[in-house]
1. Using only helices, what value at 222 nm comes out for the chain when you add -39,500 (n - 2.57) per DSSP H run of length 4 or more and divide by the total residues, to the nearest 500 deg cm²/dmol?
2. Over the Cα atoms of region 129-280, what radius of gyration and what Dmax do you get, in Å?
3. Sorted by mean Cβ packing within 10 Å, highest first, what order do the peptides 261-274, 97-110 take?
4. Taking only Cα atoms, what is the 0 to 90° angle, nearest 10, from helix 91-104's long axis to the longest principal axis of the chain?
5. Please report, to one decimal in angstroms, the Kirkwood hydrodynamic radius of region 122-195 built from all distinct Cα-Cα pairs.
6. Let me see the P(r) profile for region 1-123: every Cα-Cα distance counted, bins of 10 Å, each bin given as a percent of all pairs.
7. Find the relative contact order for the chain and round it to a whole percent, using C-alpha pairs within less than 8 Å whose residues are 6+ positions apart.
8. What list do you get for 20, 79, 178, 11 if you sort them by fewest beta carbons within 10 Å?
C-alpha cells in the first residue's frame, strides 16, 4: 500500500498537470475564436470565387485549359494538411490513417506523391517510408494567402505540364468546436459546376480565356487558403476539447487519490489508537 507521502506527491503532480491543461484549454479557446472569425471571412469569398469560375467555364470550351483536362489515371498528388503540434486528440492520427487508407483503397496501384503540411504529418509519413514530394511546416494559427500559394503553386504548374493526373487534398473540415470531419477533396482536374442562375453575357478584356486562366489559378489559391483556415480552426477546436477532457479526468484522479489518502490516513490513525489502547492494557 502506498504511503501518505507518496499519495500526497501524486495529488500535487496531478494538480500541476491540471493547471497546464486548463491553461492550454483557455489558449485554444481564444485561438479558436480568431480562427472561426477567419473562416467566416474566408468561406463566402471562396464560394463566390467558385461561382464566378463556374460562370466563366460555362461560356468557354472546357477542354482548352490544361487545368480542366482529366488525367490519364496515372500519377496522383495528395496534399495532407496536419498540425505542427500535438495534444489535440486524434486530430493528426485520423488524417494519417485516412491517408494510408486512401493509398490502399482509392489510389491502389497508382503512383502517389505526398505533399505534407504540418510537422506531425511529416514525422508520421517519414516513419512509414512514404514518397513525400514536399513538406511545409510553421504555417501558423492564422494562415496567410502566401502560405497557400507556397503549398499549391508548384503543384498547379506540375499538373499543367502533365506531370500529375489528379490532385486531392485531405484535411479536417471545421464543423464546430467539438466536431471536425476528415475530408478528401479533389482540386485538380478542376470540374466546373453548373452556374447559379442564367449565364450573364459579359464582355471580357483582354479575352475570356485570359480572364478565365487568371481566375482559375486564383481560385485554387483561395480554396487552398480556405482549407488551411479550416484545418487551423479544427486543430484549435480539437485541442480545446482534448484539454477540457484532460482537465476533467484530472479532477477524477484527484478525487480518487484524495479518497485513498483519507482512507490510508484513517487506517494509520486507527492503528495508532489500537497500539495505544493495547499498551495501556498491558500496563
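1. Per the formula, -21500 deg cm²/dmol.
2. Radius of gyration, then largest Cα-Cα span, for region 129-280: 29.6, 110 Å.
3. 97-110, 261-274
4. Roughly 50 degrees, rounded to the nearest 10.
5. Its Kirkwood hydrodynamic radius stands at 14.8 Å.
6. 10, 19, 26, 23, 11, 6, 3, 2, 0
7. That works out to 32 percent.
8. Placing the least packed residue first, the sequence is 178, 20, 11, 79.
All of the numbers you see were taken from the coordinates with simple rules; none came from a lab. Small disclaimer: the values here were computed from a predicted structure and weren't measured. Reconstructed Cβ throughout: ideal geometry from the backbone, glycine too, with neighbour counts over all protein chains shown.
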